[in-house]
C-alpha cells in the first residue's frame, strides 16, 4: 500500500455504558484528540459485570486513533477497569487521513 | 508494539438481521465467549438476498475475537450462508485486553 | 492464517452525516459494490466543521472493502473533503468471505 498516508493505532474499547464518562476523561488526560462512540448489544464472559441494575447493562464501543505510545498507556490504564467492570480493548495498525 | 497483551483474531460478519439467532447459535457451538451486535444500514452485491419482505432487509454487524483456529472454522461454516443470504465476513489480527 | 479466503482493504470513513450522499456517489463512481453506514457520536479536532447548524453535526461511519488500488483512489479523493468538513479515513488489510 502507498505510504503517503499517516500511520496510527486504532484502539477499540467495548465496555459497559456506565464507564463512558470515565473513559472520555481518560482519553482527554492522555491527549487524545478524537473518538467515536456507538451503542452495541452483546454478550461476553469478560471482566466482572455491575449486574442487572436497570440501565447499567448497556454496552458501548469507543474507537480512537492514537500513537503506539499512547495506545500502550491507554491499554495499561484500562487494565484496572477489567477488575470491576465488563471491558475488552484491542488495537491494530491503520493508515489514512487523520492527525 | 508491546507484546504484553493477548493476541487474537477479530472476525466481523455483516449480514441480514434475519440470520442473527442462527449466528449466535453458531458462535456458542464454536465456544465463542463474547460478541457484539450493531444494526447497520448499507448496500451490497454480495450473496443472495431474501428479498423485499418487510423487516427482512435490515443488516447487522457481528464482531467477535477468537483464536486463529476458531476463525477458520467460523469463516468456513459461514460459507453456506452466503448461498442463500446476503453475508460478508472478514478477519484481521488484533492484540489487547481480552480472554 | 489460512489463505483460502479473499484479500481486501477495509476502508473506514468517519465524517459529518451531511456528506453521506456525496460519499455514496463517490463509492459508486469508483465501482464499489457494497458498504455499511452506522450513525456514531464522537468528538474530534479533525478538519473544519460545518458548525452548529441543527442536524448537521451528527457523524456517520462508512465502511467498505475494496482493492488496494481503489483504496488509494478513495483516500486521495477524500482529501478534498477534509478541507471543508470534519472527516477522517483509515484502512487496513482484511481477508475473508467477500467479492
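The set of residues from the stretch A:2-14 being surrounded by 15 or more Cβ atoms within 10 Å (Cβ to Cβ) and either at pLDDT below 95 or away from chain B (no Cβ under 13 Å) (or both) comprises just one member, A:5.
Does residue A:70 satisfy the condition of being over 25 Å from residue B:4 (Cβ atoms), away from chain B (no Cβ under 11 Å) and either at pLDDT 95 or above or not in a loop (DSSP other than H, G, I, E, B) (or both)? The answer is no for residue A:70.
The values are calculated or read from the model by the stated rules, or taken from the named source; none is laboratory data. Just so you know, these numbers come straight off a predicted model, no measurement behind them. Glycine also receives a Cβ, built like all others from the backbone with ideal geometry; neighbour counts cover every protein chain displayed.
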